[in-house]
Structure formats: structure tokens, C-alpha cells
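Colleague: This structure is in C-alpha cells; I'll ask about it shortly.
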Amino acid sequence: MASYLCSSKPVLLFSALVLGALSTFLEAQDPSQLSLDYYLKTCPKAEQIVREEMERAVQADPRNAARILRLHFHDCFVQGCDGSVLLDDTVTLIGEKQAEQNVNSLKGFDIVDRTKTKLEAECPGIVSCADLLAISARDGVVLVGGPYWDVPVGRKDSKTASLDQANTDIPTPQQGLVTLISKFLAKGLSATDMVALVGAHTIGVSRCTNFRDRIYGDFELTAKHEASSLPYLSKLKEDCPLDGGDDNISPMDDFTPTLFDNAFFKTLLKGTGLLNSDQEMYSSLVGFQTSSLVEKYWADPVAFFKQFSDSMVKMGNITNPEGGEVRKNCRFVNT
């Protein structure tokens, strides 16, 4: 681990970051008006339509579940869960798709487009793109073996996006634990929420450019130089050479990469987490709380599923204080 984790100064810095992040959240959070029956009378078939489209998408490619879940996550971390991540660039609006953590990474926009077309045909101008994304993320998780949770709805779609916030607020694979926790706290999400939500990487993949430093860095150290990890590391280096191959991908859970389960946490216990940011939750010297949660969720899949569901609702309830509209097309604001 980086040397800054070994001194006493980071602990003070961490406390300051936490307090600052909480202060920001308390000032900015808008009380949510979401409910489970928001579309009961105005679009009673909304969830059925979303589910059917996700069933088609996951049947065509199981990785679509992770793609939609990632879209929802990146949406909620910028301006709240308001569909801003779905906006295309125009002459008058700069979207978030070219942000460092989004470009060449986010996929699934075509699934959103198809689902929105079906919803507009059934009940025009009623179901927001932000709600569509939140429901789709839940259904995708369920379809690949994960837990079900009730999704409160009633979000509005923003009329703006923020490339700057996307570049600063979304966690990156190279960041340390102190920074990662502070970013979640800034959104009103605890360290417990963070560990549970990152568990979604059990169905995710990562590009070589995001894990190259890890596999050519402290991978063997965190794996305690266990001989059993060497074949896996060799395979990763074949897929991700020192030069080139930036877009080559590898699953973040090499045990059951297409099944939503708790196996991801086993990789962290073995010290073979693909991303530095993931392994930090178990191996960081300041990760007392997070390391115990990693152990808990590997030992108790029911506890993981329960906390993941609760944390997804909590993250999904982050609203945009500015309000918004119901977009007719998820890629563009209404004219």
C-alpha cells in the first residue's frame, strides 16, 4: 500500500474530509418525493415494460445487467439520480459521456432508448428516464441472480449535465480508501453502503487501462506471494501488457463473472482484487471497518444481499435539488 496510509496525518485528513463531505451533503440534499405507487394510475404497466426490455437485453448478453447498473451508479453520483448521464452533447449542452470515468466505458444507452420508446408508446410523457434507469438496474441484478428490492419512483430528468462533476465526483480505480470513502460520504452514503455497492463488481468487467498499474504494482504483495495466484496474474498480464491493449477487458470477479453473488469479496480476501480501489477496502491499513465488512459479506451472502438492496434504495433516493422534467427522449432535453 502507499506510504501515506502509514502515518498519523492521514487519519486527521480523513476526519476533515468526512466532516466536509457530510456538510456538503446536508446543505445540498433535497427531500425526496419518491413513492412506490407513483405510476399506479398514470402508467400502471411501467415496471412490466421495463422488466420485459431488460429480460430481452440480458438474454442477449448477460453483461447488459452490469452495464445498466453502472449507468445508474454514474448517474446518481453526478447531480443526483436525474438521468443526466444519458444526455448527448449538443450545441448548447455539454454532457457527461466524455468524462474520464465514462468515455469508452459506459454502455447500455441503446437499451435505455428501446425501453423509453416502449414507455412513450404506452404512456407518453409520464415515466422519467431517471426512473427507467433505476428500475432497469434492479431488474438487471435480479435477472443474473441478485436480490430484489422495491424501487421508489417519481424522479425528474435534469435539464442540465455536469462534465466537471463527473470528472471529480465519480470514484476512480486508482484512488485510495480515504478518498473513496469521502466521495461516498459526500453523497450521503456510508462506508457500509460503499462496500455493499462495490459488491456489484461481482458482475462487472474492467478495461486494462484501469487495472494495469495494479497488476504490475502491488498485486503480488496483497496476494501474499501465494503460488495459487500466479497463474491468474500471468493471465492478467497476457490480457493487459505494459504497452497497448488498453481496451482489453477482464472480469472483476474471476470466480462467477456472470452471476450476481458474493464471490467478489473472496477475491479481496485472497488479495487478488482486480482494481486498486477494490482491494483497498480489505488491504488498506486504515480499512478497519471496510475489511471487516468484506469478511462479513463473504461469510454471509444473505447479509450482503440485504445491505446491497438497502444501499441501492438509499443511493437511488439521491435527488437533484434543481428538479427537472420528464424527457421524451433520454438523450435530449425537451424543446
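The values are calculated or read from the model by the stated rules, or taken from the named source; none is laboratory data. Not measured: the values here are computed from a predicted model. We place every Cβ from the backbone using ideal geometry, glycine too, and count neighbours over all the protein chains shown. Please note that ligands, DNA and RNA were not included when accessible areas were found on the heavy atoms of the full protein model with its side chains. Shrake-Rupley method; radii C 1.70, N 1.55, O 1.52, S 1.80 Å.
Colleague: If you take the residues of the range 45-66 that are over 15 Å from K116 (Cα atoms) and free of Cβ contacts under 8 Å to residues at least 60 places away in the same chain, which of them is least open to solvent (accessible area, probe 1.4 Å)?
Modeller: The residue in question is D61.
Colleague: Quick one: which residue in D213, D239, D218 is on the phi < 0 side of the Ramachandran plot, surrounded by fewer than 19 Cβ atoms within 10 Å (Cβ to Cβ) and free of Cβ contacts under 8 Å to residues at least 40 places away in the same chain?
Modeller: D239
Colleague: Let me ask something else about it. Of all residues in the range 59-97, which are over 18 Å from the mean Cα position of the chain (by Cα) and of a type in the set (V, I, T)?
Modeller: Result: T90, V91, T92, I94.
A quick yes/no check of all residues on (1) under 18 Å from T319 (Cα atoms); (2) in contact (Cβ under 8 Å) with a residue 40 or more places away in the chain; (3) open to solvent by 10 Å² or more (accessible area, probe 1.4 Å):
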{"site": "C76", "(1), (2), (3)": "yes, yes, no"}
{"site": "D82", "(1), (2), (3)": "yes, yes, no"}
{"site": "L87", "(1), (2), (3)": "yes, yes, no"}
{"site": "S105", "(1), (2), (3)": "no, yes, yes"}
{"site": "A134", "(1), (2), (3)": "yes, yes, no"}
{"site": "V141", "(1), (2), (3)": "no, yes, no"}
{"site": "P147", "(1), (2), (3)": "no, yes, yes"}
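Colleague: With a cut-off of at least 1 residues that are at pLDDT 95 or above, under 20 Å from G188 (Cβ atoms) and of a type in the set (D, E, K, R), name the helices (runs of 4 or more DSSP H) lying wholly within the range 9-101.
Modeller: Fully inside the range 9-101 and qualifying: 63-76.
Colleague: What pairs can you find where one residue is in the range 248-268 and closer than 18 Å to S105 by Cβ and open to solvent by 60 Å² or more (accessible area, probe 1.4 Å), the other is assigned to a strand (DSSP E or B) and of a type outside the set (D, E, K, R), and their Cβ atoms are less than 6 Å apart, with a gap of 6+ or different chains?
Modeller: I249/V205
Colleague: Here is a further query. Given the condition under 18 Å from the mean Cα position of the chain (by Cα), closer than 21 Å to L180 by Cβ and open to solvent by 40 Å² or more (accessible area, probe 1.4 Å), answer yes or no: does some residue in the range 298-307 qualify?
Modeller: yes
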